[in-house]
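Derivation of every value follows stated rules applied to the coordinates shown; laboratory data play no part. Computed from a prediction, not measured in an experiment: that's the story for all the values here. Please note: Cβ atoms are built from the backbone with ideal geometry, for glycine as well, and neighbour counts cover all protein chains shown.
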Amino acid sequence: MRCPEVSSAAHPSYSKRGCGNSEMSYKLYQLGYKNIVNVDYSEVVIQKMAEKYSEMEGMTWQTMDMYHLDFPEESFDCVLEKCTFEVLFCKEKSPWETSSETVDNFNKVLHQVENVLRPGGQLVSISFTQPHFRLPLLRQSLPDWAFEYKTFGDMFHYFVYIGSKGKS
Ligand SMILES: C[S@@+](CC[C@H](N)C(=O)[O-])C[C@H]1O[C@@H](n2cnc3c(N)ncnc32)[C@H](O)[C@@H]1O
């Protein structure tokens, strides 16, 4: 998977939200994306992943809450998340009716992402949530952005949402 608009940059920098113990950053690193900052709010998982991938120069691991991203403004070309936004929606009973509290929380997290992305930078969000439910919330929170999505899988689909900052 590529973030098309940043892949040509000399040293594109990526940040991965709620990395968990997924191998995705390792695989991206193998593809040539060497400058990856992984964050998760679990100290245990961050410690384990930092040990496991200690040989990978340029890849860093930080304990951080996605509600309070402690990075300078406009410091990343791409923010990637896989099924981490879903935790915000866990307590909802139905995707047809999202509570205002959850919408506010999603809004807060998305604005943290917006803050750390450079102009034209991209959010790549991988999710099982269907576009019918996810796109309106993304567009409502970030009206100046352009969003597109791609569908993957057979029968049990998942979706990759790509948002470009300030490109509506
Ligand atoms: C469903 S898992 C996804 C993990 C990984 N991205 C993957 O695809 O396997 C959600 C991850 O988000 C992390 N997480 C939940 N709330 C978070 C928050 N507020 N800030 C940062 N990470 C959070 C959890 O610790 C967990 O590792």
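Odds and ends about this structure:
- Sequence-distant residues sharing a close amide H with A146 (under 5 Å, placed H): S164, G166, K167, S168
- The angle separating the long axis of helix 131-141 from the principal Cα axis of greatest extent in the chain is about 80 degrees.
- Computed over the chain, relative contact order equals 20 percent, with contacts defined as Cα pairs under 8 Å that lie 6+ residues apart.
- Y29 sits among other residues whose Cβ lies under 13 Å from its own Cβ, and their net charge, with Lys and Arg +1 and Asp and Glu -1, is +1.
- Ordering of 102-114, 145-157 by burial proxy (mean other Cβ atoms within 10 Å per residue, highest first): 102-114, 145-157
- Projecting the Cα atoms of Q140, Y158, M24 onto the charge dipole of the chain, computed from C-beta unit charges around the Cα centre, puts Y158 farthest toward the positive end.
- Efficiency of FRET between V87 and K52 - r from beta-carbon atoms, R0 30 angstrom, step 0.05: 0.85
- Checked against a 22 Å cut-off, the cross-linked pairs K82/K165; K93/K167; K48/K93; K91/K167 give Cα-Cα distances beyond that limit for K93/K167; K48/K93; K91/K167.
- Beyond 18 Å, the tail of the calculated P(r) for the chain holds 60 percent of the Cα pairs.
- Residues S22, S168, arranged from fewest to most other Cβ atoms within 10 angstrom of their Cβ, appear as S168, S22.
- Using just its DSSP H runs of length 4 or more, each adding -39500 (n - 2.57), the chain gives a mean residue ellipticity at 222 nm of -8500 deg cm²/dmol after division by all residues.
- A Cβ-based charge dipole, computed about the Cα centre of the chain with Lys and Arg at +1 and Asp and Glu at -1, lands at about 380 debye.
- When you restrict to C-alpha pairs under 8 Å that are six or more residues apart and normalise by the size of region 11-64, the relative contact order lands at 38 percent.
- DSSP beta bridges in the chain [antiparallel fraction, %, rounded to 5]: 40
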